[in-house]
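Working notes for the structure below.
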Amino acid sequence: MSQPVEKILQKKYIDKDDIRLLLSLAPAVSAGLFKHSHEVKTLQVGRKVFFRGLIEYSNICTKNCFYCGIRKDNQRYSRYTLSDEEVLEAALYAYENNFASIVIQSGEQSSKAFTHTIDGLLRKIHKETKGQLHVTLSLGEQTEDTYKRWYDAGAHRYLLRIEVSNPALYAKLHPDDLRHTHKARLEALSLLRKSGYQVGTGVMIGLPFQTISDLADDLCFFRDLDIDMVGMGPYVEHEDTPLWEYRNLIPPVADRVDLSIKMVAILRIIMPDINIAATTALQTLDSNGREKAIYAGANVIMPNLTPVKYRDNYLLYENKPNVKDQPDETRKSLEKNIRAAGDEIGYGEWGDSRHYKNRSSEIAK
Ligand code: SAH
Ligand code: SF4
(Lines give C-alpha, C1' and ligand atoms only; values in the text may rest on other atoms or scores of the structure.)
(Ligands and ions follow the chains in the order given, each with its own letter.)
Protein backbone atom coordinates (compact mmCIF):
# COMPACT_ATOMS: atom_id res chain seq x y z
CA MET A 1 0.00 0.00 0.00
CA SER A 2 1.33 3.46 -0.79
CA GLN A 3 2.29 5.66 2.14
CA PRO A 4 -0.38 8.35 1.71
CA VAL A 5 -3.10 5.68 1.57
CA GLU A 6 -1.75 3.94 4.65
CA LYS A 7 -1.69 7.26 6.48
CA ILE A 8 -5.32 7.97 5.59
CA LEU A 9 -6.45 4.52 6.69
CA GLN A 10 -4.86 5.02 10.10
CA LYS A 11 -6.65 8.33 10.70
CA LYS A 12 -9.40 8.56 13.32
CA TYR A 13 -11.49 10.82 11.09
CA ILE A 14 -11.33 10.39 7.32
CA ASP A 15 -12.46 13.64 5.74
CA LYS A 16 -13.85 14.48 2.32
CA ASP A 17 -10.42 15.15 0.76
CA ASP A 18 -9.17 11.78 2.00
CA ILE A 19 -12.23 10.08 0.54
CA ARG A 20 -11.64 11.77 -2.82
CA LEU A 21 -8.10 10.49 -2.85
CA LEU A 22 -9.20 6.94 -2.02
CA LEU A 23 -11.90 7.02 -4.71
CA SER A 24 -9.29 8.12 -7.23
CA LEU A 25 -6.90 5.23 -6.56
CA ALA A 26 -6.01 3.32 -9.71
CA PRO A 27 -7.58 -0.17 -9.75
CA ALA A 28 -4.13 -1.75 -9.57
CA VAL A 29 -3.44 -0.13 -6.18
CA SER A 30 -6.85 -0.41 -4.56
CA ALA A 31 -6.18 -3.95 -3.24
CA GLY A 32 -4.71 -2.47 -0.04
CA LEU A 33 -7.89 -0.45 0.55
CA PHE A 34 -10.07 -3.56 0.06
CA LYS A 35 -7.90 -5.63 2.40
CA HIS A 36 -8.24 -2.96 5.08
CA SER A 37 -12.03 -2.62 4.70
CA HIS A 38 -12.32 -6.41 4.76
CA GLU A 39 -10.52 -6.44 8.12
CA VAL A 40 -12.79 -3.69 9.46
CA LYS A 41 -15.85 -5.70 8.38
CA THR A 42 -14.54 -8.90 9.98
CA LEU A 43 -13.84 -7.11 13.24
CA GLN A 44 -16.98 -4.99 13.44
CA VAL A 45 -19.84 -7.02 11.96
CA GLY A 46 -18.25 -10.44 11.41
CA ARG A 47 -18.22 -12.60 8.28
CA LYS A 48 -21.97 -13.07 8.05
CA VAL A 49 -24.15 -12.11 5.11
CA PHE A 50 -27.88 -11.63 5.69
CA PHE A 51 -30.53 -12.44 3.08
CA ARG A 52 -33.43 -10.07 2.37
CA GLY A 53 -35.84 -11.78 -0.01
CA LEU A 54 -36.85 -9.14 -2.58
CA ILE A 55 -40.50 -8.94 -3.66
CA GLU A 56 -41.04 -6.50 -6.54
CA TYR A 57 -44.65 -5.77 -5.69
CA SER A 58 -45.73 -3.53 -8.59
CA ASN A 59 -44.15 -1.73 -11.55
CA ILE A 60 -46.86 0.92 -11.61
CA CYS A 61 -45.17 4.23 -10.88
CA THR A 62 -46.52 7.78 -10.77
CA LYS A 63 -43.04 9.27 -11.17
CA ASN A 64 -40.76 9.92 -14.09
CA CYS A 65 -37.16 9.76 -12.84
CA PHE A 66 -34.94 10.22 -15.92
CA TYR A 67 -32.82 7.12 -15.24
CA CYS A 68 -35.44 4.49 -14.45
CA GLY A 69 -36.87 1.89 -16.84
CA ILE A 70 -40.26 1.64 -15.12
CA ARG A 71 -40.88 5.41 -15.11
CA LYS A 72 -44.48 6.37 -15.76
CA ASP A 73 -44.00 7.46 -19.38
CA ASN A 74 -42.27 4.28 -20.52
CA GLN A 75 -44.91 2.40 -22.51
CA ARG A 76 -42.79 -0.69 -23.20
CA TYR A 77 -43.68 -2.67 -20.09
CA SER A 78 -47.05 -4.08 -19.23
CA ARG A 79 -47.92 -2.92 -15.77
CA TYR A 80 -48.61 -5.43 -13.00
CA THR A 81 -49.36 -5.64 -9.30
CA LEU A 82 -48.90 -8.89 -7.40
CA SER A 83 -51.96 -10.37 -5.73
CA ASP A 84 -51.99 -10.76 -1.95
CA GLU A 85 -51.60 -14.51 -2.43
CA GLU A 86 -48.49 -14.06 -4.59
CA VAL A 87 -46.91 -11.76 -2.01
CA LEU A 88 -47.75 -14.15 0.81
CA GLU A 89 -46.37 -17.12 -1.09
CA ALA A 90 -43.05 -15.31 -1.63
CA ALA A 91 -42.98 -14.18 2.02
CA LEU A 92 -43.63 -17.73 3.19
CA TYR A 93 -40.85 -19.02 0.94
CA ALA A 94 -38.50 -16.62 2.73
CA TYR A 95 -39.85 -17.65 6.13
CA GLU A 96 -39.62 -21.38 5.45
CA ASN A 97 -36.11 -21.06 4.09
CA ASN A 98 -34.94 -19.15 7.14
CA PHE A 99 -34.24 -15.87 5.35
CA ALA A 100 -35.73 -14.11 8.39
CA SER A 101 -36.29 -10.96 6.37
CA ILE A 102 -37.90 -9.63 3.17
CA VAL A 103 -38.02 -6.36 1.22
CA ILE A 104 -41.23 -5.21 -0.47
CA GLN A 105 -40.36 -2.80 -3.27
CA SER A 106 -42.56 -1.01 -5.79
CA GLY A 107 -42.97 1.87 -8.16
CA GLU A 108 -44.19 4.89 -6.20
CA GLN A 109 -47.93 5.02 -5.57
CA SER A 110 -49.80 6.88 -2.88
CA SER A 111 -53.49 6.20 -3.46
CA LYS A 112 -55.66 5.27 -0.48
CA ALA A 113 -56.17 1.82 -1.99
CA PHE A 114 -52.40 1.25 -2.22
CA THR A 115 -51.76 2.40 1.35
CA HIS A 116 -54.56 0.18 2.58
CA THR A 117 -53.41 -2.91 0.65
CA ILE A 118 -49.85 -2.61 1.97
CA ASP A 119 -51.23 -2.25 5.50
CA GLY A 120 -53.28 -5.42 5.07
CA LEU A 121 -50.36 -7.32 3.57
CA LEU A 122 -48.07 -6.37 6.43
CA ARG A 123 -50.62 -7.62 8.95
CA LYS A 124 -51.14 -10.89 7.07
CA ILE A 125 -47.39 -11.50 6.80
CA HIS A 126 -46.98 -10.79 10.51
CA LYS A 127 -49.75 -13.23 11.37
CA GLU A 128 -48.69 -16.04 9.02
CA THR A 129 -45.06 -15.89 10.12
CA LYS A 130 -45.85 -15.37 13.82
CA GLY A 131 -44.01 -12.07 13.78
CA GLN A 132 -40.78 -13.89 12.92
CA LEU A 133 -40.22 -12.42 9.44
CA HIS A 134 -38.83 -8.89 9.43
CA VAL A 135 -40.11 -6.61 6.68
CA THR A 136 -38.30 -3.78 4.93
CA LEU A 137 -40.31 -1.45 2.72
CA SER A 138 -39.00 0.36 -0.34
CA LEU A 139 -42.12 2.15 -1.56
CA GLY A 140 -40.89 5.67 -2.17
CA GLU A 141 -42.01 8.97 -0.69
CA GLN A 142 -45.16 8.84 1.45
CA THR A 143 -46.82 11.02 4.09
CA GLU A 144 -45.85 10.81 7.75
CA ASP A 145 -49.23 9.18 8.49
CA THR A 146 -48.61 6.46 5.95
CA TYR A 147 -45.12 5.76 7.26
CA LYS A 148 -46.55 5.47 10.79
CA ARG A 149 -49.43 3.32 9.67
CA TRP A 150 -47.14 0.81 7.94
CA TYR A 151 -44.77 0.81 10.91
CA ASP A 152 -47.67 0.00 13.22
CA ALA A 153 -48.76 -2.74 10.81
CA GLY A 154 -45.41 -4.49 11.25
CA ALA A 155 -42.75 -2.98 8.94
CA HIS A 156 -39.35 -2.53 10.60
CA ARG A 157 -37.03 -0.97 8.07
CA TYR A 158 -37.40 1.42 5.14
CA LEU A 159 -35.14 1.99 2.17
CA LEU A 160 -35.28 5.32 0.39
CA ARG A 161 -32.27 6.24 -1.67
CA ILE A 162 -31.38 9.90 -1.82
CA GLU A 163 -30.11 8.89 -5.31
CA VAL A 164 -27.50 11.71 -5.29
CA SER A 165 -26.80 14.00 -2.34
CA ASN A 166 -25.98 17.01 -4.55
CA PRO A 167 -29.28 18.95 -5.07
CA ALA A 168 -28.11 20.49 -8.38
CA LEU A 169 -27.29 17.05 -9.77
CA TYR A 170 -30.60 15.70 -8.45
CA ALA A 171 -32.39 18.42 -10.43
CA LYS A 172 -30.64 17.28 -13.64
CA LEU A 173 -31.82 13.70 -13.14
CA HIS A 174 -35.49 14.41 -12.43
CA PRO A 175 -38.35 16.39 -13.97
CA ASP A 176 -38.60 19.94 -12.70
CA ASP A 177 -41.85 19.65 -10.74
CA LEU A 178 -43.07 19.36 -7.17
CA ARG A 179 -43.25 15.56 -7.32
CA HIS A 180 -39.49 15.24 -7.79
CA THR A 181 -37.68 17.46 -5.31
CA HIS A 182 -34.49 16.81 -3.39
CA LYS A 183 -35.97 18.65 -0.42
CA ALA A 184 -38.94 16.27 -0.19
CA ARG A 185 -36.62 13.29 -0.41
CA LEU A 186 -34.59 14.64 2.52
CA GLU A 187 -37.72 15.35 4.52
CA ALA A 188 -38.97 11.83 3.87
CA LEU A 189 -35.75 10.41 5.32
CA SER A 190 -36.20 12.41 8.50
CA LEU A 191 -39.89 11.41 8.79
CA LEU A 192 -38.87 7.77 8.49
CA ARG A 193 -36.38 8.11 11.31
CA LYS A 194 -39.01 9.89 13.41
CA SER A 195 -41.51 7.09 12.77
CA GLY A 196 -39.17 4.50 14.32
CA TYR A 197 -37.80 2.67 11.27
CA GLN A 198 -34.26 1.50 10.77
CA VAL A 199 -33.55 3.81 7.87
CA GLY A 200 -31.61 2.93 4.76
CA THR A 201 -30.61 5.18 1.92
CA GLY A 202 -28.22 5.02 -1.00
CA VAL A 203 -27.02 6.46 -4.27
CA MET A 204 -26.29 5.50 -7.85
CA ILE A 205 -22.66 5.50 -8.92
CA GLY A 206 -21.33 6.53 -12.33
CA LEU A 207 -24.19 8.75 -13.47
CA PRO A 208 -23.79 11.29 -16.25
CA PHE A 209 -22.62 14.67 -14.82
CA GLN A 210 -21.53 13.03 -11.51
CA THR A 211 -18.01 13.76 -10.24
CA ILE A 212 -15.67 12.05 -7.74
CA SER A 213 -16.31 15.00 -5.47
CA ASP A 214 -20.08 14.27 -5.62
CA LEU A 215 -19.43 10.67 -4.61
CA ALA A 216 -17.22 11.75 -1.71
CA ASP A 217 -20.07 14.05 -0.63
CA ASP A 218 -22.47 11.10 -0.82
CA LEU A 219 -20.38 9.13 1.67
CA CYS A 220 -20.13 12.16 3.98
CA PHE A 221 -23.91 12.55 3.66
CA PHE A 222 -24.50 8.99 4.96
CA ARG A 223 -22.21 9.72 7.89
CA ASP A 224 -23.82 13.10 8.67
CA LEU A 225 -27.27 11.52 8.56
CA ASP A 226 -26.05 8.74 10.86
CA ILE A 227 -27.81 6.26 8.60
CA ASP A 228 -28.39 2.60 9.60
CA MET A 229 -28.20 0.85 6.23
CA VAL A 230 -26.97 1.69 2.74
CA GLY A 231 -27.78 0.15 -0.63
CA MET A 232 -25.79 1.71 -3.44
CA GLY A 233 -24.77 0.42 -6.81
CA PRO A 234 -23.71 1.45 -10.27
CA TYR A 235 -26.04 3.36 -12.55
CA VAL A 236 -26.98 1.10 -15.47
CA GLU A 237 -28.25 2.85 -18.57
CA HIS A 238 -31.68 2.03 -20.01
CA GLU A 239 -32.61 2.71 -23.61
CA ASP A 240 -36.18 3.82 -22.87
CA THR A 241 -35.19 6.66 -20.56
CA PRO A 242 -34.24 10.31 -21.13
CA LEU A 243 -30.78 9.73 -19.63
CA TRP A 244 -29.88 7.29 -22.42
CA GLU A 245 -28.99 10.32 -24.54
CA TYR A 246 -26.05 11.03 -22.21
CA ARG A 247 -24.64 7.50 -22.14
CA ASN A 248 -21.36 8.68 -23.66
CA LEU A 249 -20.78 10.72 -20.47
CA ILE A 250 -20.71 7.74 -18.11
CA PRO A 251 -17.57 5.86 -17.04
CA PRO A 252 -16.85 2.52 -18.76
CA VAL A 253 -18.32 -0.59 -17.12
CA ALA A 254 -15.08 -1.70 -15.41
CA ASP A 255 -14.62 1.77 -13.86
CA ARG A 256 -18.20 1.91 -12.62
CA VAL A 257 -17.73 -1.49 -10.96
CA ASP A 258 -14.41 -0.45 -9.43
CA LEU A 259 -15.87 2.83 -8.15
CA SER A 260 -18.85 1.02 -6.64
CA ILE A 261 -16.62 -1.45 -4.75
CA LYS A 262 -14.47 1.44 -3.53
CA MET A 263 -17.59 3.26 -2.27
CA VAL A 264 -18.54 0.10 -0.30
CA ALA A 265 -15.02 -0.27 1.10
CA ILE A 266 -14.72 3.36 2.22
CA LEU A 267 -18.20 3.34 3.72
CA ARG A 268 -17.36 0.22 5.74
CA ILE A 269 -14.29 2.03 7.08
CA ILE A 270 -16.06 5.29 8.00
CA MET A 271 -19.28 3.65 9.28
CA PRO A 272 -18.05 0.28 10.58
CA ASP A 273 -21.25 -1.05 12.19
CA ILE A 274 -23.94 -0.29 9.58
CA ASN A 275 -25.53 -2.74 7.15
CA ILE A 276 -24.32 -2.41 3.57
CA ALA A 277 -25.97 -4.22 0.65
CA ALA A 278 -24.21 -5.84 -2.28
CA THR A 279 -26.65 -4.73 -4.99
CA THR A 280 -28.04 -6.50 -8.03
CA ALA A 281 -26.96 -3.59 -10.27
CA LEU A 282 -23.37 -4.48 -9.40
CA GLN A 283 -23.95 -8.05 -10.52
CA THR A 284 -25.46 -6.71 -13.74
CA LEU A 285 -22.17 -5.10 -14.73
CA ASP A 286 -19.88 -7.81 -13.33
CA SER A 287 -21.01 -11.38 -12.70
CA ASN A 288 -18.66 -11.42 -9.70
CA GLY A 289 -19.57 -7.90 -8.56
CA ARG A 290 -21.60 -8.83 -5.49
CA GLU A 291 -18.91 -11.20 -4.21
CA LYS A 292 -16.31 -8.45 -4.63
CA ALA A 293 -18.54 -6.07 -2.65
CA ILE A 294 -18.95 -8.68 0.10
CA TYR A 295 -15.19 -9.03 0.40
CA ALA A 296 -14.79 -5.25 0.55
CA GLY A 297 -17.39 -4.77 3.30
CA ALA A 298 -20.99 -5.51 2.28
CA ASN A 299 -23.02 -7.81 4.58
CA VAL A 300 -26.51 -7.90 3.04
CA ILE A 301 -27.76 -9.48 -0.20
CA MET A 302 -31.27 -9.39 -1.70
CA PRO A 303 -32.18 -12.62 -3.56
CA ASN A 304 -35.11 -12.01 -5.90
CA LEU A 305 -38.35 -13.76 -4.84
CA THR A 306 -40.67 -12.03 -7.32
CA PRO A 307 -42.68 -14.64 -9.30
CA VAL A 308 -40.61 -15.22 -12.45
CA LYS A 309 -43.43 -14.34 -14.88
CA TYR A 310 -43.39 -10.68 -13.77
CA ARG A 311 -39.67 -10.06 -13.70
CA ASP A 312 -39.32 -9.01 -17.34
CA ASN A 313 -41.56 -6.07 -16.50
CA TYR A 314 -39.57 -4.81 -13.52
CA LEU A 315 -36.48 -3.78 -15.42
CA LEU A 316 -35.29 -0.62 -13.69
CA TYR A 317 -32.23 -0.96 -15.90
CA GLU A 318 -31.15 -3.19 -18.78
CA ASN A 319 -29.56 -6.66 -18.65
CA LYS A 320 -30.85 -7.29 -15.13
CA PRO A 321 -29.52 -10.75 -14.21
CA ASN A 322 -31.37 -13.86 -12.94
CA VAL A 323 -34.74 -12.85 -14.41
CA LYS A 324 -35.48 -16.49 -15.19
CA ASP A 325 -34.04 -18.09 -12.03
CA GLN A 326 -36.40 -19.74 -9.58
CA PRO A 327 -35.81 -18.79 -5.91
CA ASP A 328 -34.23 -22.19 -5.16
CA GLU A 329 -31.61 -21.79 -7.90
CA THR A 330 -30.77 -18.26 -6.78
CA ARG A 331 -30.47 -19.34 -3.15
CA LYS A 332 -28.20 -22.27 -3.95
CA SER A 333 -25.86 -20.32 -6.18
CA LEU A 334 -25.61 -17.46 -3.68
CA GLU A 335 -24.93 -19.94 -0.90
CA LYS A 336 -22.13 -21.49 -2.92
CA ASN A 337 -20.52 -18.15 -3.83
CA ILE A 338 -20.76 -16.70 -0.32
CA ARG A 339 -19.22 -19.81 1.21
CA ALA A 340 -16.49 -19.81 -1.43
CA ALA A 341 -15.68 -16.24 -0.34
CA GLY A 342 -15.26 -17.53 3.24
CA ASP A 343 -18.40 -15.91 4.65
CA GLU A 344 -21.50 -17.63 6.04
CA ILE A 345 -25.18 -16.81 5.62
CA GLY A 346 -26.98 -15.52 8.70
CA TYR A 347 -29.90 -17.95 8.31
CA GLY A 348 -32.65 -17.43 10.84
CA GLU A 349 -31.22 -14.12 12.06
CA TRP A 350 -32.82 -10.73 11.45
CA GLY A 351 -29.43 -9.17 10.95
CA ASP A 352 -30.49 -5.79 12.29
CA SER A 353 -28.04 -2.99 11.77
CA ARG A 354 -25.69 -2.95 14.76
CA HIS A 355 -25.50 0.78 14.27
CA TYR A 356 -29.26 1.09 14.91
CA LYS A 357 -29.01 -1.12 17.99
CA ASN A 358 -26.03 0.79 19.33
CA ARG A 359 -27.76 4.14 18.75
CA SER A 360 -31.01 2.93 20.39
CA SER A 361 -29.13 1.76 23.48
CA GLU A 362 -27.24 5.08 23.64
CA ILE A 363 -30.58 6.94 23.63
CA ALA A 364 -32.00 4.63 26.32
CA LYS A 365 -29.07 5.36 28.62
N1 SAH B 1 -39.88 3.62 -6.41
C2 SAH B 1 -39.07 3.40 -5.26
C3 SAH B 1 -38.44 2.03 -5.20
C4 SAH B 1 -38.13 1.35 -6.52
S5 SAH B 1 -36.82 2.04 -7.44
C6 SAH B 1 -38.00 4.49 -5.17
O7 SAH B 1 -37.71 5.11 -6.18
O8 SAH B 1 -37.50 4.70 -4.06
C9 SAH B 1 -35.43 1.48 -6.50
C10 SAH B 1 -34.11 2.07 -6.89
O11 SAH B 1 -33.74 1.65 -8.19
C12 SAH B 1 -34.05 3.57 -6.99
O13 SAH B 1 -33.91 4.14 -5.72
C14 SAH B 1 -32.86 3.81 -7.91
O15 SAH B 1 -31.70 4.16 -7.17
C16 SAH B 1 -32.65 2.45 -8.59
N17 SAH B 1 -32.59 2.60 -10.04
C18 SAH B 1 -33.54 3.09 -10.85
N19 SAH B 1 -33.08 3.15 -12.13
C20 SAH B 1 -31.80 2.72 -12.10
C21 SAH B 1 -30.79 2.58 -13.09
N22 SAH B 1 -31.01 2.90 -14.37
N23 SAH B 1 -29.58 2.10 -12.71
C24 SAH B 1 -29.36 1.74 -11.43
N25 SAH B 1 -30.27 1.86 -10.45
C26 SAH B 1 -31.48 2.35 -10.78
FE1 SF4 C 1 -40.58 5.28 -10.00
FE2 SF4 C 1 -38.69 4.63 -8.19
FE3 SF4 C 1 -38.27 4.36 -10.85
FE4 SF4 C 1 -38.40 6.83 -9.81
S5 SF4 C 1 -36.84 5.23 -9.36
S6 SF4 C 1 -39.42 6.13 -11.70
S7 SF4 C 1 -39.95 6.52 -8.23
S8 SF4 C 1 -39.72 3.24 -9.62
Enumerate the pairs (first residue in region 306-334 and within 16 Å of ligand 1 (Cβ to nearest atom); second residue anywhere and among the small types (Gly, Ala, Ser) and not in a loop (DSSP other than H, G, I, E, B)) with beta-carbon separation below 9 Å, excluding pairs fewer than 6 apart on the same chain, so at least 6 apart or on different chains. THR306/ALA90; TYR314/SER58; LEU316/ALA281; TYR317/ALA281; LYS320/ALA281; ASN322/SER333
Out of the residues in region 282-295 that are out of contact with any helix residue (DSSP H, G or I) (no Cβ under 8 Å at 6 or more places or on another chain) and not β-branched (Val, Ile, Thr), state the one that is nearest to ARG359 (Cα to Cα). ASN288
Can you find, within region 343-365, the residue that is modelled with the lowest pLDDT among those that are in a helix (DSSP H, G or I) and open to solvent by 100 Å² or more (accessible area, probe 1.4 Å)? ILE363
Meets criteria (of a type in the set (Asp, Glu) and either more than 22 Å from GLY351 (Cβ to Cβ) or surrounded by fewer than 19 Cβ atoms within 10 Å (Cβ to Cβ) (or both)) for GLU56: no
Would you check if THR62 is touching a residue at least 12 places away in the same chain (Cβ under 8 Å), within 20 Å of ASN313 (Cα to Cα) and open to solvent by 30 Å² or more (accessible area, probe 1.4 Å)? yes
Considering ALA188, ALA168, which residue is without any contact (Cβ under 8 Å) to a residue 60 or more places away in the chain, small (Gly, Ala, Ser) and away from ligand 1 (no atom under 14 Å from the Cβ)? ALA168
Please pick out the residue among THR279, THR241 that is in contact with a Cys (Cβ under 7 Å, 6 or more places away or on another chain) and farther than 19 Å from LEU22 by Cβ. THR241
Before we move on, is ASN59 within 16 Å of ligand 2 (Cβ to nearest atom) and over 28 Å from PRO327 (Cα atoms)? no
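The values are calculated or read from the model by the stated rules, or taken from the named source; none is laboratory data. Because the structure is a prediction, the values reported are computed rather than measured. Note that each Cβ is placed from the backbone with ideal geometry, even for glycine, and that neighbours are counted across all protein chains shown. Surface areas here come from the heavy atoms of the whole protein model, side chains and all, with no ligands, DNA or RNA. Shrake-Rupley method; radii C 1.70, N 1.55, O 1.52, S 1.80 Å.
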